[in-house]
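Scroll down for the structure; my scribbles are underneath it.
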Amino acid sequence: MILVTGATGNIGGPLVQMLLASRQDVRVLTRDRARVRTSGVEIVVGDLEQPATLGPALAGVDRAFFVFHAGAQLAERAAEFAQAARAAGVRHVVAVSSGTIEMNPLPLIGRWHLALEEAFARLATTFLRPDNFASNALRWAPFIKQGSMVFAPYADGQSTPIDPHDIAAVAHVALTTAGHDGKTYTLSGPAVMTTREQVGVIAAELGREIKVVDAAPDQARAGMMKSGMSEQMATAILELLNRTPRPTTTVRDVTGVEPRSFAAWVHDHRAAFV
């Protein structure tokens, strides 16, 4: 039995479908049973923020997928899950970490994820360290739908945007084949792209011009906080926007399939921008 957390999310959703397609027994942990619309899975109502619900969710599970949003609580949630998994006899966990761990100096988001990895030290764990999710481009969607302008700090800052589907594909292989215990996989999309280039891809998909305006970091922080983001998280994100990443071949090496392009992700999610 494989337990999937975050089963209605960008990674967990595709992962559940892949596991079912490979005829695995799948259990999903969810706070709201109604949100799970996939047939063929066992549903357990629980919450990573309520440790008492983890024991029943993990009973009889031998493999598990762990994902939790970045933030100051990440290490605590990971430690609670790891403790419950050990008690339940789980033999292998695949956990979503972050490529920010490999940045120097180590940014705040990197420190949060390093603590996550330390929490799983006593379990056989495969860590996935993805770069910028392609789906993070959805934060521009409200501005693109309202007009033809995106405000972005460090518009020429670089990342290697990765489709969450590719993260799920690596997780699927790690959960269903041997030889991945104790491995750490740094994951990226196929190309280094600036924010300006990503917006350009969206513009090409929509067939109209979208202007990118450089925003001062303080303006960007204020905008993120206005949208409901905490000041700590806004500051942590700004730390990541001025760097020079390198693509990896890990998605292809693990899955045998080339990672999907940012343009392919945009095409699939075109409706979000119109």
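The values are calculated or read from the model by the stated rules, or taken from the named source; none is laboratory data. Bear in mind that the values here come from a model prediction, so they are computed numbers and not experimental data. Glycine gets a Cβ as well: all are built from the backbone with ideal geometry, and neighbour counts include every protein chain shown. Calculation scope for accessible area: heavy atoms of the full protein, side chains included, ligands and nucleic acids excluded. Shrake-Rupley method; radii C 1.70, N 1.55, O 1.52, S 1.80 Å.
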Handout entry: Extended-chain gain in nm, criterion 0.36 nm per residue less alpha-carbon gap, ARG270 and GLN232
Key = 10.6 nm
Handout entry: Rounded to whole Å, sorted largest first: equivalent-ellipsoid semi-axes of segment 1-95, Cα gyration tensor
Key = 19, 15, 12
Fill in the blank from the handout: Lys and Arg at +1, Asp and Glu at -1: neighbours of HIS269 with Cβ under 11 Å from its Cβ sum to -2
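Find the relative contact order for the chain and round it to a whole percent, using C-alpha pairs within less than 8 Å whose residues are 6+ positions apart.
In percent, rounded to a whole number, it is 18.
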Practice task
Would you mind telling me the antiparallel percentage of the DSSP bridges in the chain, rounded to 5?
Solution key: 5
Fill in the blank from the handout: Candidates ALA178, ALA124, ALA75; GNM for the chain (alpha-carbon contacts under 10 Å) flags as most fluctuating ALA178
Exercise for the section: Starting from the Cα of GLU258, move 7 Å in the Cα-to-Cβ direction to define the label point; list residues of segment 144-186 whose amide nitrogen is under 20 Å from there. Expected result: 159-170
Handout entry: Sparse-neighbour loop sites [GluC sites (Glu not before Pro); segment 173-274; at most 13 other C-beta within 10 Å; DSSP]
Key = GLU209
Problem - Solvent-accessible area per residue for segment 1-102 (1.4 angstrom probe, square angstrom) - result: 43
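Could you calculate the FRET efficiency of ALA59 with THR184 from 1/(1 + (r/R0)^6), where r is the beta carbon distance between them and R0 is 30 Å, rounded to 0.05?
0.60
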Problem - Around VAL16: net Lys/Arg minus Asp/Glu count, Cβ-Cβ under 14 Å - result: +3
Handout entry: Accessible area expressed per residue, segment 127-274, with surrounding protein chains retained (probe 1.4 Å, Å²)
Key = 49
Handout entry: Apportionment of accessible area to carbon and sulfur, the chain, percent (1.4 Å)
Key = 51
Completion exercise
Hits for the chain under the membrane-span-like helix rule (DSSP H, Cα axial span at least 15 Å, Kyte-Doolittle mean at least 0.0) are 74-88, 108-119, 164-176, 195-206
Problem - Within segment 133-148: backbone nitrogen closer than 19 Å to the ALA222 label point (7 Å, Cα to C-beta) - result: 143
Handout entry: Estimated inter-spin distance, ALA34 and THR177, nm [label 7 Å along Cα→Cβ]
Key = 4.1
Problem - Additional length obtainable on full extension of the chain from VAL192 to GLU209, 0.36 nm per residue less Cα span - result: 3.9 nm
Practice task
Calculate the tail of P(r) for the chain: the fraction of all Cα-Cα distances greater than 31 Å, expressed in %.
Solution key: 27
Handout entry: Those residues of segment 40-66 whose amide nitrogen sits under 18 Å from the label point placed on GLN73, 7 Å along Cα→Cβ
Key = 45-55, 66
Handout entry: Where Rh is the Kirkwood radius over Cα pairs, Rg/Rh for segment 57-183
Key = 1.04
